[in-house]
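The values are calculated or read from the model by the stated rules, or taken from the named source; none is laboratory data. Keep in mind that this is a model prediction, so the values were computed, not measured. Methodologically, a virtual Cβ is constructed for each residue, glycine included, from the backbone with ideal geometry; neighbour enumeration extends over all protein chains shown.
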Amino acid sequence: MTHVERHRVVVTTDSEGAAVAYTDKPLTGEIVNVDYIKTDFADTVDFAIVLEGSGLGLWTQENVTASKTVSPMQPAHSQAGVALLYADSGEPVSRPIYAAAERAKFTIANGGSLKTGTFVVVVA
């Protein structure tokens with residue numbers, strides 16, 4: 001049986017509509033989902049979510065208008081550092097993103113003055 005954890009982060013912007021927040025503790029394991037739960041962030045909210053230590057991107061999007069869930073993946077590469085592609089379609093091969101004892105960092109812009117949104121990171 002797989003152990004799954006949810007890490008909830010409530011983010012409130014400053015008067016300029018910006019904020020930086022982190023998960024309360026480091027994450028270890030596969031990043032399964034990142035949920036955005038809209039409270040009252042402006043419909044122009046932009047966010048970038050990365051793993052603090054490695055800098056791996058989990059989700060970057062502009063002008064998010066509604067609650068949404070993503071399942072982040074990263075491109076796979078050969079031992080020569082070349083992107084792997086599916087032979088039949090030429091589409092990139094993706095693989096899960098793993099965190100190794102690092103927090104998720106949430107950078108918010110254009111969220112509106114003193115507005116709030118919630119993120120939940122699911123780790124297995």
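When we screen ALA66, ALA87, ALA100, ALA80 for residues that are loosely packed, with under 13 Cβ neighbours inside 10 Å, out of contact with any Cys (no Cβ under 6 Å at 6 or more places or on another chain) and in a strand (DSSP E or B), the only hit is ALA100. Cβ-Cβ contacts under 9 Å between residues 6 or more apart (or on different chains), taken from a first residue in the range 15-38 that is farther than 25 Å from LYS115 by Cβ and acidic (Asp, Glu) to a second residue that is at pLDDT 95 or above and in a strand (DSSP E or B), are listed as GLU30/PRO96; GLU30/TYR98; GLU30/ALA99; GLU30/VAL123.
Residues in the range 44-58 that are within 8 Å of the chain's Cα centre (by Cα) and closer than 15 Å to PRO75 by Cα were compared, and the one that is surrounded by the most Cβ atoms within 10 Å (Cβ to Cβ) is LEU58. Here THR60 passes the criteria (1) over 24 Å from THR2 (Cα atoms); (2) touching a residue at least 40 places away in the same chain (Cβ under 8 Å) except the one numbered (2). For the range 1-31, the set of residues classified as over 20 Å from THR65 (Cα atoms), hydroxyl-bearing (Ser, Thr, Tyr) and more than 14 Å from the chain's Cα centre (by Cα) consists of THR2, THR28, listed by residue number. Name the single residue that is farthest from the chain's Cα centre (by Cα) among those in the range 103-113 being surrounded by 13 or more Cβ atoms within 10 Å (Cβ to Cβ) and part of a loop (DSSP other than H, G, I, E, B). Filtering first and then ranking leaves GLY112.
Filtering the range 2-31 to residues that are loosely packed, with under 15 Cβ neighbours inside 10 Å and of a type in the set (Gly, Ala, Ser) leaves SER15, ALA18. Regarding VAL34, is this residue assigned to a strand (DSSP E or B) and either surrounded by 19 or more Cβ atoms within 10 Å (Cβ to Cβ) or over 14 Å from the mean Cα position of the chain (by Cα) (or both)? Spelling it out, VAL34 is indeed assigned to a strand (DSSP E or B) and either surrounded by 19 or more Cβ atoms within 10 Å (Cβ to Cβ) or over 14 Å from the mean Cα position of the chain (by Cα) (or both).
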